[in-house]
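For reference, the structure I am asking about is given below.
The values are calculated or read from the model by the stated rules, or taken from the named source; none is laboratory data. The model shown is predicted, which means the values in this text are computed figures rather than measured ones. Every residue, glycine as well, gets a Cβ built from its backbone with ideal geometry; the counts of neighbours run over all protein chains shown. The area values use the complete protein model at the heavy-atom level, side chains included, leaving out ligands, DNA and RNA. Shrake-Rupley method; radii C 1.70, N 1.55, O 1.52, S 1.80 Å.
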Amino acid sequence: MAKYLVQGGLPLAGTTGVHGAKNSILPVLAGSLLNQSTEEIRLKRVPMLGDVRAMVSILTRLGARVGYDGSDLLINTADLNCYHVPDILMREMRSSIFLMGPLLGRLGRVQICYPGGCAIGDRPINLHLEGLGKLGATVKEKDGYIEARGRLRGGEVGLTYPSVGATENLMLAAVSARGDTVIYNAACEPEIVDLQNFLNTIGANISGAGTPRIRIRGGCDLHGGTYRVFPDRIVTGTLLLAGVITRGSITVTGVIPEHLTALLELLREAGVTVEVNGNAITVEAAGPLKAIPRVVTGPYPGFPTDLQPQFLACLALAQGESNVVERVFESRFHHIPELCKMGAQIELSGPQARLRGVDRFKGAVVRATDLRAGAALVMAALAAAGNSEILEVKHIERGYDQLPETFAALGARITREEGARRELSLR
Ligand code: EPZ
């Protein structure tokens, strides 16, 4: 099991870029299955992430031909011939649930195992299944498997919660449906806009993404095309917060600042100098942060749950008492016990974490439990006095490409070490 070794206490400084958004590239890859033509789709500058490799494996198993041309991904799905997503791949990456829409649309059938929960919560898929039912699919759940069949028809779907994945799944299903679809109370995240822009590039006719009401014209003939997803706003936020927690100064270029408005406002409230120049953001934190009485996560454009662990790590070093409320997932605080090993003073009560700021973290051996919790621990280790080890970094590498190299280029002392492989007991 690989780990990161960090010698903390060094302020980060300098300028860095950011790779394409994981949470855009995954639904876009699923959406490529909708293209029945022999024309290929070229996705520009795709990050080498664990989740991207998992999705590419699934597409390949379903009959797509996927190849790399440098950092571009070339996809031809004309020979799609399988509607069953292999269990082992389904379980490796739960977000493959939004393959249901394209497979139903293309083949009229899809069979997957239940993706199950993960470290941050149960993550049910009722909104996905109910929505597909409203578009004409017959959905059966039995013994941990889901089978959906039928010829999709357009309709009106109101989501009881603006679920990102359900919005994406229903957009993908509606593209192939007969007739038009309107999704109400849709998620407004930038990744939804990215998916709309991609699908329209290959011939779909969608409008309204980024607002709670999305209209999808069904039955368009799709074709190949070239697309590049947005820069990853969560990785951008993580890099900026690493500059803040180490009391350095970092510029991230090639970003879309308006995707991070909620974070930038909170940083200014905490006393950080924030400058936005075109597609670059610079943060500078010469001293400790001011505590923030209450930070609440929520759907976009609210403060993103995917930056909650990272921001919480910064507040653990702020002057005074802060509170962080996690409203999106029911158990997204696994980073807290690990931060407490480094000296943080945090009390958890249900969805609320109460933090009393401390002056410094001390280095420790900590374990990544999920993607963003792991990123928060790397940031804390960079700020800590002394050395730290972060174990099980495979979680982090699902969503961060070259994170140690990126931080090292900004002055951090961090290396990646392939830990001893867990020898299977053959006795
Ligand atoms: C997407 O997950 C992202 N993943 C998550 O990023 C992100 O945290 C989340 O959206 C919220 O922004 C990808 O895009 C691959 P949801 P998703 O459906 O689609 C409940 C990361 O770190 N819900 O908006 O699963 C659900 O339990 C990951 O990059 C239902 O109840 O998020 C949760 O409480 C983590 N029923 C809330 O909605 C459903 O059918 C938000 O979930 C679906 C969701």
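Mind ranking 62-71, 245-254 by how tightly packed they are, going by the mean number of other C-beta atoms within 10 angstrom, highest first?
Ranking the peptides 62-71, 245-254 by packing returns 245-254, 62-71.
Sum -39500 (n - 2.57) across every DSSP H segment of at least 4 residues in the chain, then divide by the residue count to get the 222 nm mean residue ellipticity, nearest 500.
-8500 deg cm²/dmol
Tell me whether the stretch 30-130 comes out rounded, prolate or oblate; compute the Cα gyration tensor, take square roots of the eigenvalues as a ≥ b ≥ c, and use a/c under 1.5 as the rounded threshold. It would help to have the intermediate numbers written out before the result.
Working: a/c = 2.16, a/b = 1.33, b/c = 1.62.
Because a/c hits 1.5 or more and a/b fails to exceed b/c, the stretch 30-130 counts as oblate.
So in the stretch 22-228, what percent of DSSP beta bridges are antiparallel if you round to the nearest 5?
Working: 26 of 34 bridges.
Bridges in the stretch 22-228 that DSSP calls antiparallel: roughly 75 percent.
For the pair Lys142 and Ser331, what calculated FRET efficiency results from E = 1/(1 + (r/R0)^6), where r is the Cβ-Cβ distance and R0 = 30 Å, to the nearest 0.05?
0.65
While we're on this one: Among rounded, prolate and oblate, which fits the stretch 22-228 when a ≥ b ≥ c are the square roots of the eigenvalues of its C-alpha gyration tensor, a/c under 1.5 means rounded, and a/b larger than b/c means prolate?
Verdict is rounded for the stretch 22-228.
Contour minus end-to-end for Val276 and Asp122, with contour as 0.36 nm per residue of separation and end-to-end as the Cα-Cα distance?
51.7 nm
Per residue, how much accessible surface does the chain expose to a 1.4 Å probe? Answer in Å², no decimals.
39 Å²
What pairs in Lys362/Lys394; Lys3/Lys290; Lys341/Lys394; Lys44/Lys394; Lys44/Lys140; Lys3/Lys362 have C-alpha atoms more than 30 Å from each other? Working shown, then result.
On the way: Lys362/Lys394 24 Å; Lys3/Lys290 32 Å; Lys341/Lys394 21 Å; Lys44/Lys394 24 Å; Lys44/Lys140 37 Å; Lys3/Lys362 18 Å.
Distance filter (> 30 Å) returns Lys3/Lys290; Lys44/Lys140.
Follow-up question, since we're still on this one. Could you tell me which of rounded, prolate or oblate describes the chain, using a ≥ b ≥ c as the square roots of the eigenvalues of the alpha-carbon gyration tensor, with rounded for a/c under 1.5 and, failing that, prolate when a/b is larger than b/c and oblate otherwise?
Verdict is prolate for the chain.
Using alpha carbon centroids, what distance separates the stretch 138-201 and the stretch 52-70, in Å?
Taking the Cα centre of each part, the stretch 138-201 and the stretch 52-70 sit 22 Å apart.
At a 1.4 Å probe, what is the % contribution of carbon and sulfur to the accessible area of the stretch 22-228? Can you show the working numbers first?
Working: 3670 of 7810 Å².
Using a 1.4 Å probe with all protein chains present, the stretch 22-228 comes out at 47 percent carbon and sulfur.
Can I ask one more? Write down the percent of antiparallel bridges among all DSSP beta bridges whose residues are both part of the chain, to the nearest 5.
Values: 56 of 76 bridges.
Beta bridges within the chain, antiparallel portion: roughly 75 percent.
Return the FRET efficiency for the residue pair Arg42, Ser207: r is the Cβ-Cβ distance, R0 is 30 Å, and the value is rounded to the nearest 0.05. Walk me through the numbers on the way to the answer.
Working: r = 24 Å, r/R0 = 0.81.
E(calc), rounded to 0.05, equals 0.80.
What is the spin-label model distance, in nm, from Glu392 to Met1 if the labels are put 7 Å beyond Cα along the C-beta direction?
Computed distance between label sites Glu392 and Met1 equals 0.6 nm.
Suppose the chain between Tyr184 and Thr160 were pulled fully straight at 0.36 nm per residue; how much longer would it get relative to their current alpha carbon spacing?
The span from Tyr184 to Thr160 would gain 7.7 nm if fully extended.
Set the Förster distance to 35 Å, then compute FRET efficiency between Asp87 and Ala385 from the Cβ-Cβ distance, nearest 0.05.
0.15
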